[in-house]
Structure formats: C-alpha cells, structure tokens
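Novice: Dropping the structure in here first, questions after.
The values are calculated or read from the model by the stated rules, or taken from the named source; none is laboratory data. Predicted model, so just to flag it, every value in this text is computed and none were measured. Positions of Cβ are backbone-derived with ideal geometry, glycine not excepted, and every protein chain shown enters the neighbour counts. All accessible areas refer to the heavy atoms of the entire protein, side chains included, with ligands and DNA or RNA removed. Shrake-Rupley method; radii C 1.70, N 1.55, O 1.52, S 1.80 Å.
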Amino acid sequence: MNILVTGASKGIGRAIAENLKAVGQVHVTGRNEEALKSFDSAGYFVCDLANEDELIQLGEFIKENSIDVLVNNAGEYIYGGIDEVNLSDLNHIISVNLKAPIYLMNCVVPYMKSQRFGRIINIGSISGVMGEAHASLYSSTKAGLIGLSKAAGLELAEFGITVNTINPGWVDTELGKSSIEDSEFSEDEILECIPQRRFVKPEEVAGLVKYLISAEAKGITGQSINLCAGLSVGI
Ligand SMILES: NC(=O)c1ccc[n+]([C@@H]2O[C@H](COP(=O)([O-])OP(=O)(O)OC[C@H]3O[C@@H](n4cnc5c(N)ncnc54)[C@H](OP(=O)(O)O)[C@@H]3O)[C@@H](O)[C@H]2O)c1
C-alpha cells in the first residue's frame with residue numbers, strides 16, 4: 001500500500017506518518033527538507049502548498065507513486081477578526097487548507113478508481129464544525145473540507161474509495177500551542193472548557209487514521225468525525 005501524508009515534517013502529520021509505516025510505504029511532504037529527510041520514508045517531496053507550481057509538481061509525484069492512501073493533513077491557522085481580513089491572508093489560507101487538498105484528491109483519484117480501492121482522509125478541525133471566534137478564515141476552510149469529503153465520498157463510493165474528515169479539538173502540537181498564545185484565553189481557561197480537561201495527543205489522530213484506512217472501516221465514508229476530548233458534545 002502506497003501512502004502520502006502532507007504536512008509530515010512535524011506535529012500530527014509526523015505522528016500519522018510514523019504510525020502508518022506499519023501498514024505501507026509512507027511518502028511524506030512539507031516545506032522543511034531537513035525534517036522530511038530525517039524521517040525514514042519511502043520517499044519525500046519538498047513542497048509549499050501555497051505555491052501553485054510546486055503543488056502541480058507534487059501532483060506529478062503522486063501520479064508517479066501510485067498512491068492508494070492520501071492523508072491531507074497540512075494546514076495553517078490565522079488568528080484575527082473578520083473585519084481584519086486581508087486578501088493576501090485569505091488567498092494563502094484557502095490555497096493551503098482547501099485548494100491543495102482538492103487538487104491532490106484530483107490527482108490521486110484516477111489511480112484509485114483503476115484499483116477500485118482508495119482511502120482519502122482530510123484533517124479538518126473542530127473549528128470547522130463549531131466555528132471559532134477570530135478564526136473565521138481557518139474555520140471556513142476546515143468546514144469546506146467536511147463538504148468536500150461528503151461530496152467526494154458519495155461520488156467515489158462505487159469505486160471502493162472512502163473519503164472522510166477527522167476534526168481534532170485542541171491537539172498538543174506547535175500549531176495548537178501558537179493558537180493558544182494567539183487566543184484571548186489562557187491554557188488553563190481552555191482546559192476548563194474541554195470535558196476531558198486535556199489536549200488530544202497527535203498519536204490519537206494517527207490511530208484513527210490507521211483505523212479509517214483498514215479493511216474494517218470500508219463502510220465508513222463521507223463522514224465527519226470529531227476527535228476532540230468531548231469539546232463538541234451537545235452541538
Ligand atoms: N494542533 C491543533 O490543535 C489542531 C486542531 C485541529 C486541527 N488541526 C489540524 O491538524 C493539521 C496538522 O496540524 P499540527 O497541529 O500538526 O500543525 P503543525 O505542528 O504546525 O504542523 C503543520 C504541518 O503542515 C505543514 N505545512 C504548513 N503549511 C504548509 C505549506 N504552506 N506547505 C506545505 N506544508 C505546510 C508543516 O510542514 P512544514 O513546516 O515543513 O512546511 C507541518 O508539517 C492541520 O491541518 C491543522 O489545521 C490541528
């Protein structure tokens with residue numbers, strides 16, 4: 001099984017890539033070449049997903065490597081009010097968080113169709129499910145992934161291809177820490193709002209990815225699965 005994980009140089013993507021080594025040949029991508037090199041992968045491709053030429057080259061890399069499993073994990077977070085949005089930030093975050101996942105799905109699906117097998121997992125966020133104040137750009141791109149997974153899940157179901165979104169709550173990573181620093185709340189105040197009073201570990205997301213690509217999970221498609229230590233319960 002050939003696997004591609006985006007944003008695998010650190011954080012959740014790195015944990016996913018590590019965990020999936022047990023089930024297939026893991027190819028990784030990100031901007032940080034040193035970090036990608038240090039991971040004992042089947043292959044790596046350095047790419048800034050916001051750069052259209054590099055994104056197209058990554059699409060070629062995908063086609064050359066007969067990818068059966070695509071994990072669209074790379075993502076960025078921008079903090080700021082809706083009245084502070086500038087077009088450059090808007091274009092950037094839509095490119096990285098939504099356009100790149102759609103384009104990479106476009107590149108990977110023909111091979112998956114030919115095999116009548118494929119697994120696509122998009123890493124969303126609980127912000128895309130519940131909304132997050134002062135993170136409307138981020139929340140809207142993550143909500144977009146949920147719609148994308150539903151539509152593609154329906155369209156590709158007859159080809160044995162599943163498409164799902166995992167929506168993590170607060171995860172203990174660099175991005176998680178910087179979003180706490182940006183927010184108007186302290187770490188303790190945030191923990192107080194999480195029913196399990198803890199941050200999710202990257203390995204927990206990786207474990208769910210591993211399950212979703214397994215044969216046992218072949219009936220799960222088009223779903224939006226919250227992994228958030230209880231944060232979204234009740235919505
Ligand atoms: N941490 C949380 O609390 C949390 C919660 C909900 C959802 N998520 C989502 O989970 C995913 C992973 O987040 P994380 O917490 O692991 O973040 P992280 O530690 O900041 O890692 C982000 C990864 O994405 C890659 N990346 C970012 N911008 C990129 C770009 N323009 N081009 C190519 N690669 C890029 C980074 O690689 P390079 O630096 O090498 O480019 C890195 O490998 C994201 O989609 C995030 O939105 C995180």
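Novice: What number of residues within the range 2-23 satisfy the criterion of being away from the ligand (no atom under 14 Å from the Cβ) and either on the phi > 0 side of the Ramachandran plot or basic (Lys, Arg) (or both)? It would help to see each step written out before you state the result.
Specialist: Here is the first cut: in the range 2-23, the residues away from the ligand (no atom under 14 Å from the Cβ) are 2-3, 20-23.
Then drop every residue that is not either on the phi > 0 side of the Ramachandran plot or basic (Lys, Arg) (or both), which leaves 21.
Matching residues across the range 2-23 total 1.
Novice: Those residues that are modelled with pLDDT of 95 or more and of a type in the set (Val, Ile, Thr), I need them from the range 84-117; list them, please.
Specialist: Ile93, Ile94, Val96, Ile102, Val108, Val109
Novice: Can I ask one more? Can you name the condition, by its number, that Ile120 falls short on among (1) modelled with pLDDT under 95; (2) in a strand (DSSP E or B); (3) of a type in the set (Val, Ile, Thr)?
Specialist: It fails just one condition, (1).
Novice: Now a separate question. Specify the residue that is least open to solvent (accessible area, probe 1.4 Å); the eligible residues are those in the range 34-48 that are among the aromatic types (Phe, Trp, Tyr) and at pLDDT 95 or above. Show your work before the answer.
Specialist: From the range 34-48, those among the aromatic types (Phe, Trp, Tyr) are 39, 44-45; that's our starting set.
Then keep just the ones that are at pLDDT 95 or above; that gives 44-45.
Numbers: Tyr44: 81, Phe45: 44 Å².
Top of the filtered list is Phe45.
Novice: Regarding Gly176, is this residue of a type outside the set (S, T, N, Q), open to solvent by less than 20 Å² (accessible area, probe 1.4 Å) and more than 25 Å from Ser214 (Cα to Cα)? Quick ask: steps written out before the conclusion?
Specialist: Details: of a type outside the set (S, T, N, Q): yes; open to solvent by less than 20 Å² (accessible area, probe 1.4 Å): yes; more than 25 Å from Ser214 (Cα to Cα): yes.
So Gly176 passes the test.
Novice: Where in the range 1-90 are there strands (runs of 3 or more DSSP E), lying fully within it, with 2 or more residues that are over 20 Å from Gly118 (Cα atoms), touching a helix residue (DSSP H, G or I) at 6+ places or on another chain (Cβ under 9 Å) and among the hydrophobic types (A, V, I, L, M, F, W, C)?
Specialist: Values: elements: 2-6, 25-30, 43-46, 69-72.
Correct list: 43-46.
Conditions (1) in a helix (DSSP H, G or I); (2) closer than 19 Å to Gly13 by Cα; (3) touching a Pro at 6+ places or on another chain (Cβ under 6 Å); (4) near the ligand (Cβ under 10 Å from one of its atoms), marked per residue:
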position	(1), (2), (3), (4)
Ser139	yes, no, no, no
Lys142	yes, yes, no, yes
Ser149	yes, yes, no, no
Val163	no, yes, no, no
Ser179	yes, yes, no, yes
Asp188	yes, no, no, no
Arg197	no, no, no, no
Val205	yes, yes, yes, yes
Leu208	yes, yes, no, no
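Novice: Which ones in the range 123-137 are assigned to a loop (DSSP other than H, G, I, E, B) and either open to solvent by less than 20 Å² (accessible area, probe 1.4 Å) or of a type in the set (S, T, N, Q) (or both)? Outline the logic, then answer.
Specialist: At the first step, the residues of the range 123-137 found to be assigned to a loop (DSSP other than H, G, I, E, B) are 124-125, 131-134.
Those that are assigned to a loop (DSSP other than H, G, I, E, B) and either open to solvent by less than 20 Å² (accessible area, probe 1.4 Å) or of a type in the set (S, T, N, Q) (or both): Gly124, Ser125.
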